[in-house]
Each structure stands twice: as structure tokens, then as C-alpha cells.
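Read the structure below first, then the notes.
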Amino acid sequence: MGSRQIQQEQPWLLENGNPKVLTKEARHGHGRSRTARGMSSSSFRKKSDHALVSRIRCASLRNVLVNIQEVILGTKLSILFPAIPAAIVAHYLGLGRPWVFILSLLGLTPLAERVSFLTEQIAFFTGPTVGGLLNATCGNITELIIAIFALSSDQIAVVKYSLLGSILSNLLLVLGTSLLCGGIANLGVEQKYDRRQADVNSLMLLLALLCHLLPLLFTFSAASPELTVEPSLYLSRSASIVMLAAYFAYLIFQLWTHRQLFEAEDEGEGESNEAEEEAVIGFWSSFGWLAGMTVFIALLSEYVVDTIQDASDSWGLSVSFLSIILLPIVGNAAEHAGAIIFAFKNKLDISLGVALGSATQISMFAVPLCVIVAWIMGVKMDLNFNLIETGSLALAIIVTGFTLQDGTSHYLKGLILLLCYFVIGACFFVQRTPNDPNGVNNITIKSVTDSVLSA
């Protein structure tokens, strides 16, 4: 009776002809511990109507159509999916490489949002803890894949710039816009948030900053910078291992011992929120779609890495500006916009969870992981991001820490963070970096106007 009812009402949850039974923990425990980043991305999801699809008698065809409806058409960003085949066609037809670059970026936007959706679907069947680990691993999969392809091409500067840009955009752009919009939309309401989560993330970011500062300061401790190249590399690799160990402890803290600090509750949504706590596709379907999405992310990431220099030359913009400013904004547009939407609703804990959680994950997991992967690949990547880049990172972390120290918010705090981001963006806009595959050294400052005139 129960199996027949599931087959009639929700046939898309069948796997190999058998109904997938959700345990109480998987169905309800996940709902209590939804991450802020998952809730942020859910702002772009659309409810699908299966009335028409459910009339199809062929179970296999019905299951395929429901999967397509949920995964491809179940997001407000589905309009950007045509950019994926467009980028592939442009690449193979040899069209303008800057067009391949921008189409690849646009194609990565819905893919990043769908990865978040699919990890949540898998979490319904695996439970909240495994789902949290999966989200922690796949949360910044776009940045990681771009970094790996850049490392394979020996473009260490692109790796450092893109990862640094993701941290800066989360701390200053996303958080600043959220506080500004939330403050303006709730002028008559005192906006408060839980400081405990912000304090934990701030401590992790300060540890990451220390690991970046020491290799930089190490280069100034010797009479000649050349004498510190190898020791700085060894120091960076050792610090990366420490950072990964600290991130592992952070995951234990977040997912087991102090889970309540990181739980994101979207109160006031009532029945609609309960409806979201049900899986819409099966476990193996989710896993298959996730693998397919990862393949396309890898393909488009390869296009981005291969064409970023051509886009830089064509548009008269430095690679540093494209990597630090453009890549992070486009790649995580859905997640960032969701954080701003929740700030409008005076749900700052979710907005803070998105911005600080993503910045912590990149700085303490993605960056040291890239150093270790480069070590395995025989590429000499260290944690020395150079003076301007490390200084920008330090100021961003310090300003963010001061902004969040009292547990309250208003629009002026958001405005200050945004202005800091604009000033840093202007710095990289005028920065010209010679092609140096071994790092981001020997940076000179030159106006973009002069570079365009001399082209």
C-alpha cells in the first residue's frame, strides 16, 4: 500500500523500482541544521509542478522528465544554461577567445547554484552530518577546479588572485551589500545577530592571515629575497598542513560539538519551509547529476583559465582585476544575491553565515589545499600573495572584525565595507602584472589608459 502510494504521488523518488524511504533523521534532522549557504542559494529555486509529468505512464521517461524539470528548470537562473553549449561551440569554432571567457563565466553561475541544490538533495538520504561534510567539500568547487586547471597550466598568479578575490568579495562586497540593504530596508528596526558564529569565523580568518603574513615577512628578513625562496616555500607547505588541520577541527566544531551555533533557521515561512524539507529527486539521480555538473564545471573552468589572458589583452584590463573582481562575483552570484535577499528580510544570521562561512572555507581549506596539490604536481606555489594582495586581505579581515564586534548592524557599516571593496578594486584596476608563471612578483603600476593606447 505504502509503496503504491509513493509510486502514484511521487514516482520520481523511486530508485531501481523501489521507493527510497527517508528516515526521521534524514527528513527532519536536516531541516533543523540547514546551512546558511544552502538557504541562501535556495532563494533562486522555483517550485515545480509535476501534474503534467505525472500523467506519463512510462516510469523511466517520467523519472527523466521530472529530473530535468527539477534540476535544469527548477532554478531562476535556468536562463543562463544556454551559455554552456554556447561556450563549447564558440571554443570549437575558434570564435573570439574573450567571448569564450565571458560565456564560460555565465555558464558557471547556474552550475554553482545547482551543485548546492544537489548536495542538499543528497543530504536528505545521508543525514545532516554527511550532508554538511559534502557541502563543506563542494561549497567552493568552482574555485577549486579553476585553481587546479590554473596550476596544471603553471598559472600560479591566477590561482592566488582568484582565491584572494573570493575572500575579499565575501568579506567586503557580499557582507557590505547585505548590511547596507538590510539597514536601509529595516530603518525602524534594530538589527541584531549572533556574535558567536562571527567570532569563530573571525578567529579562523586571523589564523589564515598569520599563515599568509609569515611567508611575506620572511622575504624581507634576509639580505636578498632570492635566499628566502626555498625556505618560504617550505614554510608555506608546513603552514598549509596546519591550516587544513585547523579546518578539520572547525568542521568538528561546526557539525558535531557546537552545531547549534551554525544552524540557519528561516522562521516565519511556515508550511512552505516544511515543503522544502522533502527530497524532490532520488539519491542516485542526485549523485549522477552532481557528477555531470562537476564535469561541465571542469570544462568551463578550463576555458576560463585558457582565455583569461586573451580577455585581459582584448579589454585592456589586468589579469589581477579579472581574477580578483570578476571571477568571484560571477561564479557565486546566486549565493551572494541570496545573502542580500535574507538581509532585506532582517535575517542577518543567514547573511553572515554565507559571507563569513564562504570566506573561512576558502582561506582555511581551498588555499592550503591548492598549495598541497601544487606540491604533489611539482609546482612551487607558496602562501606569499605579495605585498598589495596580503595587505588588502589583512585590512579586509580587520575591518570586518571591527564591524561585527558589537552584535548589531546598520546601513553605515555596510557602506564602509563596500567603499573598502571599491578602493581595493580600483587598486587592481590600475595594476598591471607582467606574465610571470612563477608567482605574482615584480608588479608595476601603470594606467589602463596608457596600456590601451599602446595596444
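Summary of computed values
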| quantity | calculated |
| --- | --- |
| Number of the exception - S240 against (1) farther than 18 Å from L106 by Cβ; (2) modelled with pLDDT of 90 or more; (3) open to solvent by 60 Å² or more (accessible area, probe 1.4 Å) | (3) |
| Leading residue by the ranking (farthest from Q121 (Cα to Cα)) among those in region 48-85 that are in a loop (DSSP other than H, G, I, E, B) and at pLDDT below 70 | L52 |
| Index of the failed condition, D406 passing every other in (1) outside any loop (DSSP other than H, G, I, E, B); (2) closer than 27 Å to V189 by Cα | (1) |
| Residue under evaluation K380, criteria (1) in contact with a Leu (Cβ under 9 Å, 6 or more places away or on another chain); (2) assigned to a helix (DSSP H, G or I), criterion not met | (2) |
| Among the residues listed as L348, L369, the single one being closer than 30 Å to A83 by Cβ, within 19 Å of the chain's Cα centre (by Cα) and not small (G, A, S) | L369 |
| Qualifying positions in region 149-190 - open to solvent by 30 Å² or more (accessible area, probe 1.4 Å) and either aromatic (F, W, Y) or outside the structural domain of L418 (by the TED database) (or both) | F149 |
| Some residue of region 360-369 being surrounded by 24 or more Cβ atoms within 10 Å (Cβ to Cβ), in contact with a His (Cβ under 7 Å, 6 or more places away or on another chain) and in contact (Cβ under 8 Å) with a residue 24 or more places away in the chain | no |
| Subset of region 286-316 that is among the hydrophobic types (A, V, I, L, M, F, W, C) and open to solvent by 30 Å² or more (accessible area, probe 1.4 Å) - its residue that is farthest from Q121 (Cα to Cα) | W315 |
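The values are calculated or read from the model by the stated rules, or taken from the named source; none is laboratory data. All values reported here derive from a predicted model rather than from experimental measurement. A quick note on method: Cβ atoms are made from the backbone with ideal geometry, for glycine too, and the neighbour counts reach across all protein chains shown. Surface accessibility is based on the protein's heavy atoms, side chains included, excluding ligands, DNA and RNA. Shrake-Rupley method; radii C 1.70, N 1.55, O 1.52, S 1.80 Å.
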